[in-house]
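Each remark here refers to the structure printed beneath this line.
The values are calculated or read from the model by the stated rules, or taken from the named source; none is laboratory data. Not measured: the values here are computed from a predicted model. Neighbour counts run over all protein chains shown; Cβ positions are idealised from the backbone, glycine included. Side chains are part of the model used for accessible areas, which takes the heavy atoms of the whole protein and leaves out ligands, DNA and RNA. Shrake-Rupley method; radii C 1.70, N 1.55, O 1.52, S 1.80 Å.
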Amino acid sequence: ITKGKYQHIEVTNEFEFNIYDEGKAYPIERFSGGEIDLANLVLRIAISKTLSELSGAKQIGFLAFDEVFGSQDENRREEIMQAFLTIKEEYRQIFLISHEVDIKELFEYCVEIK
């Protein structure tokens with residue numbers, strides 16, 4: 001999602017989160033709100049994949065995300081959408097809940113609740 005800007009996220013035994021930037025670990029608090037939200041997003045995907053592998057499931061039924069685009073700029077929104085397109089074959093459904101009106105055209109199916 002970051003196009004290689006950040007190499008990986010580490011979760012320590014004490015449940016502290018570090019993001020690697022140019023090979024050096026930094027505490028998650030060093031990063032902006034949008035970057036922290038992005039880290040939370042990729043951690044949720046990683047946890048779902050790990051749980052799937054541990055359970056022996058070949059495919060997870062669905063992923064659900066609430067408001068993952070709100071703190072992201074237009075470029076990062078596009079990168080997140082590209083990441084979802086990359087992983088969509090691994091999941092039967094990916095649910096995204098958002099109040100961001102301008103992203104509706106990026107989805108194949110959309111349910112609007114008023």
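Between PHE65, PHE69, the distinction of being among the aromatic types (Phe, Trp, Tyr), within 16 Å of the chain's Cα centre (by Cα) and closer than 15 Å to GLU35 by Cα belongs to PHE69 only.
Test SER52 against the stated conditions and say whether it is more than 19 Å from GLN7 (Cβ to Cβ), in contact (Cβ under 8 Å) with a residue 24 or more places away in the chain, open to solvent by less than 70 Å² (accessible area, probe 1.4 Å) and of a type in the set (S, T, N, Q). Spelling it out, it is not the case that SER52 is more than 19 Å from GLN7 (Cβ to Cβ), in contact (Cβ under 8 Å) with a residue 24 or more places away in the chain, open to solvent by less than 70 Å² (accessible area, probe 1.4 Å) and of a type in the set (S, T, N, Q). Checking each residue in the stretch 15-43 for being part of a helix (DSSP H, G or I), at pLDDT 85 or above and of a type in the set (D, E, K, R) picks out GLU29, ARG30. Among the residues of the stretch 86-114, the one identified as of a type in the set (S, T, N, Q) and within 16 Å of LYS58 (Cα to Cα) is GLN93. All conditions in (1) at pLDDT below 80; (2) farther than 20 Å from THR2 by Cβ; (3) open to solvent by less than 90 Å² (accessible area, probe 1.4 Å); (4) in a loop (DSSP other than H, G, I, E, B) hold for GLY70, with the sole exception of (2).
Taken over the stretch 84-114, the criterion of being over 15 Å from ALA64 (Cα atoms), acidic (Asp, Glu) and open to solvent by less than 100 Å² (accessible area, probe 1.4 Å) is satisfied by GLU100, ASP102. Filtering the stretch 1-49 to residues that are open to solvent by 70 Å² or more (accessible area, probe 1.4 Å), touching a helix residue (DSSP H, G or I) at 6+ places or on another chain (Cβ under 8 Å) and closer than 19 Å to GLU78 by Cα leaves only LYS3. Which pairs do you get when a residue that is modelled with pLDDT of 80 or more, found in the stretch 98-114, comes within reach of a residue that is surrounded by 10 or more Cβ atoms within 10 Å (Cβ to Cβ) and not in a loop (DSSP other than H, G, I, E, B), reach meaning Cβ atoms under 6 angstrom, with the pair 6+ apart or on two chains? Within 6 Å, the pairs are CYS110/LYS104.
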